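Report on the structure given below.
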Amino acid sequence: MMQTQLVIVGGGPGGYAAAFLAADLGLDVTLVGEDANPGGVCLYRGCIPSKALLHVAALIAETRHAAAWGIAFGEPRIDLARLREFKDRVVNRLTGGLGQLARQRKVRFLRGRATLQGPHAVQVALADGGDETLTFETGILATGSRPAAIPGLSLDTPRVMDSTAALDIPDVPKTLLVVGGGYIGLELGTVYAALGSAVTVVEMTGGLLPGADRDLVTVLAKRLEPMCDAIMLNTRVSGMTDEGTGIRVSFEGEGAPAAKTFDKVLIAIGRRPNSNIPGLETTRVEVDRKGFLVVDAQRRTAEPSLYAIGDVAGEPMLAHKASHEGRAAVEAIAGHKAAFEPLAIPAVVFTDPEIAWCGLTETQAAAQGRTVDVVRFPWGASGRATTLDRNDGVTKMVLEPGTGRVLGVGIAGVGAGDLIAEGVLAIEMGATADDVRLTIHPHPTLSETVMEAADVFFGQSTHVYRPKKS
Ligand code: FAD
């Protein structure tokens, strides 16, 4: 029987970030994951392959747009095998690099499926046969999440895909129905639309990207609408039948259309935490109503030797939240004073344009009955956005009245995902609008929109005339 100080179950961004920090702090670490290398959903079946494909989609969109600048390209000839090769190369390079980093740090990586055997032991069914039992002082559960299925409507056919199947791009269907107007559905819908599918999106709530501020979503919707065949809101899928040559889908809800046949259907209605960890019942770990493992500020579960991080330990289910939680948990395990208490966790939707936000949203402020000042800088006034021919963006700040303290930032526009980091830093540092506007931003860049949004608070933005109301 093997002994280890710290065992981590799950090799995603939560698990491997935790493993690497723990090794850096001198702990003897074993990381258990089901893929050939660390990486988890994010690198193998999520963030990374989707962004590689979205890069290609953006290029296709840009070449089409270029006609307006006097540069005309022909229709793209798409070689799916090479596209898949590119995506796989990206994934293999990054996951291979993580394997190498694990070896350099002397993290023991076991490929297999873990079954808990009480609070201090785990059995791993190794992928290449046999099993290994490990005893450990402390364990971190980082088992992530999986795609949710529509209850009662699952069909066992390659014509109905989840995000994992869709990322493989087995073909480019003529017609694709995307069920779910959240970020995964919209990102993958964007990829397929760029490759040539006629995409229809169906969303059961009244708007795309539930939870995001509507003014940001409106910017995206204006570009998505012409890109899609149809976007149906307040509509749900009520039935699906496999007709052999396509999937017949019926709808219900406000303005639901008649049943229609699609070549393929992508189900992207959310993700469920993998809290059904084999052997969990041999521990005192608690699971909440939504299926998340219950943790405290250090990410310790009700079983003192076991911690939980990442998608399995609660919302938001995002890679950067998982890795920061993992690092906080490891610090706590190493005896440091640590807690996972961020003021802002950024969210990014990598569509075209991107949407990103962090901290308090205007929607949340309204729901909490909290008075805030909201300032906006329209990208129509940004020099950089104009050079890119992308004036369709907006940068907004949610500020504390009186002090101007930055409580939230929201951005819709190209590159919003990169720009939002400044908002996160401002919130974490307790910056005010004055701090942000006095910080010299390089010209001409989209980052100036953040500075000028702060200027708008004072009625003194150079490029928009919006005097402060007295
Ligand atoms: P995961 O990455 O889910 O990894 C957990 C691993 O544990 C899995 O590999 C699983 O096989 C393994 N495991 C489970 N049970 C066991 C067991 N018993 N034994 C051994 N191993 C086990 N997030 C972002 O922040 N940005 C994005 O752009 C983004 N894009 C996404 C796009 C798509 C299409 C999808 C599906 C997700 C995306 N996400 C994105 C979400 C992101 O992938 C997750 O939030 C992140 O991977 C969670 O990390 P994790 O460490 O909690 O677990």
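Apolar share of the accessible surface for the range 16-172: 52 percent from carbon plus sulfur atoms, 1.4 Å probe. The length gained by stretching the chain between Ala256 and Leu425 to full extension, at 0.36 nm per residue less their Cα-Cα distance, is 56.5 nm. Model label points for Asp168 and Ala334, set 7 angstrom from Cα along the Cα-to-Cβ axis, are 4.0 nm apart. Assign one of three labels to the range 311-470, namely rounded, prolate or oblate, based on the Cα gyration tensor with a ≥ b ≥ c the square roots of its eigenvalues; rounded applies when a/c is under 1.5, prolate when it is not and a/b is larger than b/c, and oblate otherwise. Prolate, since a/c reaches 1.5 and a/b exceeds b/c.
Relative contact order for the range 160-269: 35 percent, from Cα pairs under 8 Å spaced at least 6 residues apart, divided by residue count. Helices meeting the span-like rule in the chain (full DSSP H runs, Cα extent of at least 15 Å along the helix axis, mean Kyte-Doolittle score of 1.0 or higher): 183-195, 416-428. In this structure the chain gives 46 Å² per residue of accessible area when probed at 1.4 Å with all protein chains present.
Stretching Arg284 away from Ala68 to a fully extended chain increases their span by 71.5 nm, per 0.36 nm per residue minus the current alpha-carbon distance. Rounded to the nearest 0.05, the FRET efficiency derived from the C-beta distance between Asp215 and Asn92 at R0 = 35 Å is 0.30. Less than 5 angstrom separates the built amide H of Gly408 from those of Leu360, Val398, all sequence-distant by 5 or more or on a different chain.
Restricting to Cα pairs below 8 Å that are 6+ residues apart, what does the relative contact order work out to for the range 347-457? Please round to a whole percent. Worked out over the range 347-457, it gives 30 percent. Centre-to-centre separation between the Cα atoms of the range 357-390 and those of the range 124-147: 44 Å.
Summing charges over neighbours of Val124, with a neighbour being any other residue whose Cβ is under 12 Å away from its Cβ, gives -1 when K and R count +1 and D and E count -1. The helix-based estimate of mean residue ellipticity at 222 nm for the chain, built from -39,500 (n - 2.57) per DSSP H run of four or more residues and divided by its residue count, is -9500 deg cm²/dmol to the nearest 500. Annotated for the chain: lysine pairs at least 8 residues apart or interchain, Cα distance under 29 Å, count 25.
Between Glu400 and Leu25, the contour length at 0.36 nm per residue exceeds the Cα-Cα span by 131.1 nm. In this calculation the C-beta distance from Glu137 to Gln117 is compared with R0 = 22 Å, giving a FRET efficiency of 0.90. Centre-to-centre, using Cα atoms only, the range 1-19 and the range 250-321 are separated by 20 Å. Along the Cα-to-Cβ line of Ala230, 7 Å from the Cα, sits a label point; which residues in the range 157-185 have backbone N less than 18 Å from it? Within reach of a label on Ala230, which here means backbone N under 18 Å from a point 7 Å along Cα→Cβ, the range 157-185 contributes 174-181.
By its C-alpha gyration tensor, with a ≥ b ≥ c as the square roots of the eigenvalues, how is the chain shaped: rounded for a/c under 1.5, else prolate for a/b larger than b/c, else oblate? It is oblate, given that a/c is not under 1.5 and a/b is not larger than b/c. Surface composition of the range 347-457: carbon and sulfur make up 57 percent of the accessible area, probe 1.4 Å.
Put simply, when 393-402, 460-469 are sorted by average Cβ atoms within 10 angstrom per residue, most first, you get 393-402, 460-469.
The values are calculated or read from the model by the stated rules, or taken from the named source; none is laboratory data. Note that the coordinates shown come from a computational prediction; the quantities given were computed from them, not determined experimentally. Cβ sites come from the backbone with ideal geometry, for glycine too, and all protein chains shown count toward neighbours. The protein model used for the area step is the full one, side chains on, heavy atoms only, and it has no ligands, DNA or RNA in it. Shrake-Rupley method; radii C 1.70, N 1.55, O 1.52, S 1.80 Å.
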